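Written below as structure tokens is the structure these notes are about.
The values are calculated or read from the model by the stated rules, or taken from the named source; none is laboratory data. Quick caveat: nothing in here was measured; it's all calculated off a predicted structure. For accessibility, only protein heavy atoms count, side chains too; no ligands or nucleic acids. Shrake-Rupley method; radii C 1.70, N 1.55, O 1.52, S 1.80 Å.
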Amino acid sequence: MSAPEAGSLLADALTHRWYGANDRSVAAAEVLADEVVDEGLHLRWVLLGVRFTDGEQATYQLVVDDRTGEDALARPEVLRWLLPSLPVGTVAELGGEQSNTSLVVDGAVIVKVFRRLGEPGERNPDVEVTEALWAAGFRSVAEPMGHAERDGRDLAVATRYLARSSSGWQMALDDPYFMDEVRDLGVVTARMHVALAACFGSSPATPGPWVEAMRNQAARVPLPDGLDAAVAERYGAFADAADLGAAMRIHGDLHLGQVLHWRGDWYVLDFEGEPARPLAERVAPSSPLRDVAGMLRSFGYAAAVGGLPPVWEREARQRFWQGYRSVSEVAGLLPEAPEAVDALLAVFELDKAIYEVGYERASRPTWEHVPLTAVRRIVS
């Protein structure tokens, strides 16, 4: 495929939310792989390599219709090619996806096709973690139904489709008095962390790697009004922390949009971590309180977007935390002193809010004020 064709593919990718890098300048684009999926239907599977001006590189997965030049990933023939062991009849694209493309097969299985791929040999965390948790007996994830890989890269994962479920985000906006369910969500989150520690292990945490990742994130997201200096001061104080609890694999991007309520129970989705962070940061051992901070920030988002009063956010935070702490086994993964728990939770909320500023700046500029308000509140 020629360089002009690679440029055309990049131009098309820029129009999709899953591209996720509209705020970054591109130095070059090239086609890394180009294979025929279905010659009669003119479908080709393509890996598009993008090199940004800051030196970082990304690989995107597309399926191109030769006749129109458009992405054709949602065609049944493509899923049969990706997952030959999965019976595929009807395919419907699930709306609202952001960093990947999710397809419902015959109303029973959901296939998440990864858009931005890792390097060869790097497992996609969503495949690795979901399969490990299910094998360990943790049933608050959708049952794995298989995954696709090629040349050492995970391309897609199939799980049972939880039809007619409600996301935590929908529940917060549609029924803000779902506080009993919020407490249950805290319980499920704690049990998930206990299961993750059992599956992947844990070790005593030290602040160095976490502070480095936080500073790297802050460097990627310049802040207005002198906030950079205030953030640097907070991270500098955190660098001397001693009582940190455990370092372990976590969800990495836990929020109300990543959990489903189905038949009276909560289910956790999408273990890829925050898509705008490098994969090495997403899979690095962290504190379970980073996931807690992500959910607490999500309550703030729901309150801001849904026009809910401050008392709603405070109660949601309290109910979630009560449910989380009710799981006795999780205490061994947290700092020992209550004040150390509070301090660590606050610094992870700050890191999450800064990440959100960068995400909104690139994807939804009109929402940037929501996390910026949180950054100002935390550093003050």
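Please give the helix 338-363 orientation as an angle from the longest Cα principal axis of the chain, in degrees from 0 to 90, rounded to the nearest 10.
Compared with the principal axis, the helix lies near 30 degrees.
With only alpha-carbon atoms counted, please give the Rg and Dmax of region 202-316, in Å.
So, for region 202-316, Rg and Dmax equal 16.0, 48 Å respectively.
Along the three principal axes, how long is region 37-98 when you take its alpha carbons, biggest first, rounded to the nearest angstrom?
Sorted from largest, the Cα extents of region 37-98 read 43, 27, 23 Å.
Is the C-alpha gyration tensor of region 314-380 telling us rounded, prolate or oblate? Criteria: a/c under 1.5 is rounded; beyond that, a/b larger than b/c is prolate, otherwise oblate. Don't skip to the answer; put the middle values down first.
Numbers: a/c = 2.54, a/b = 2.13, b/c = 1.19.
Prolate, since a/c reaches 1.5 and a/b exceeds b/c.
Can you tell me the orientation of helix 369-379 relative to the chain, as the angle in degrees between its alpha-carbon axis and the longest Cα principal axis, to the nearest 10?
Between helix and principal axis, roughly 40 degrees.
Which of rounded, prolate or oblate describes the chain when judged by the alpha-carbon gyration tensor and an a/c cut-off of 1.5? Present the calculation step by step, with values, prior to reporting the outcome.
On the way: a/c = 1.76, a/b = 1.39, b/c = 1.26.
Prolate.
What accessible surface, in Å², does a 1.4 Å probe find on E5, ignoring ligands, DNA and RNA and rounding to the nearest 10?
90
With a 1.4 Å probe and every protein chain left in place, tell me how much accessible area R220 has, in Å² to the nearest 10.
Surface open to solvent at R220 totals about 100 Å².
Using Cα atoms only, what is the angle between the long axis of helix 179-200 and the major principal axis of the chain, expressed in degrees (0 to 90) to the nearest 10?
70
What accessible area, in Å² to the nearest ten, does a 1.4 Å probe give for E339?
130
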